[in-house]
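> Input: one structure, supplied below.
Derivation of every value follows stated rules applied to the coordinates shown; laboratory data play no part. From a predicted model like this one, the values you see are computed outputs, not experimental measurements. Cβ atoms come from the backbone with ideal geometry, glycine included; neighbour counts cover every protein chain shown.
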Amino acid sequence: MVSTARRRRSDRAKAYEVIVAATALAAGLVGLSGCSSTSEPVISASQLVGTWKGPEGVFAFKRDHSLKVTSLRLDADLRFLTQCPVVWSGSGTWEFLSAQGVSGMSLGQYRSGSMIGITFPVCDLSLTTWGNTSHVSLCYESDPDDPCSGPLLIKELM
């Protein structure tokens with residue numbers, strides 16, 4: 001005959017196993033649903049500073065908010081939106097934008113963000129962060145409903 005105390009321990013162990021299994025199942029479903037996958041992570045200036053490369057150009061972000069771009073090539077739709085030339089190299093400035101996509105009163109007003117405003121003498125454009133906090137890429141922002149539909153810029157590791 002099984003004692004009452006042993007039966008209670010057995011019932012608690014089974015309940016614990018059910019809770020562990022349910023938690024594991026829920027964690028798997030969250031991963032599949034995209035809740036923990038690709039998004040627009042907020043980055044700091046120190047994470048942005050450096051050289052980013054992609055099929056549409058090379059961007060060198062400096063700590064002083066200056067920027068040098070080499071061989072900027074935008075597709076026809078983005079050229080139409082930004083009025084940028086077909087191929088362009090030159091210097092400009094960068095700043096983080098507010099969550100609403102608005103410039104600050106100065107280039108350094110926002111110390112971090114997921115949207116970066118870029119100003120060149122010939123045109124302006126916006127980049128957005130893409131990925132997750134451990135692996136961030138940049139891409140051109142042209143459609144708020146699909147903020148990253150084009151090629152990615154990947155940071156060059158030093």
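> Taking the range 91-158, how much of its Cα-Cα pair set, in percent, is spaced more than 19 angstrom apart?
35 percent
> Let me ask something else. When only C-alpha pairs under 8 Å and at least 6 residues apart count, what is the relative contact order of the range 43-155, in percent?
After rounding, I find 22 percent.
> What does the net charge come to around Gly50 if you take all other residues with beta carbon closer than 11 Å to its beta carbon, with K and R at +1 and D and E at -1?
Result for the neighbourhood of Gly50: +3.
> Another question, if that's okay. When Ile154, Ile116, Ile43 are ordered from fewest to most other Cβ atoms inside 10 Å of their Cβ, what list results?
Ordered by Cβ neighbours within 10 Å, fewest first: Ile154, Ile43, Ile116.
> A follow-up question, please. Modelled label-to-label distance, Arg111 and Val86, 7 Å Cα→beta-carbon offset: nm?
Label at Arg111, label at Val86, 4.5 nm between them.
> Let me ask another. Rounded to two decimal places and with Rh computed the Kirkwood way over Cα pairs, what is Rg over Rh for the range 43-155?
My calculation of the ratio gives 0.91.
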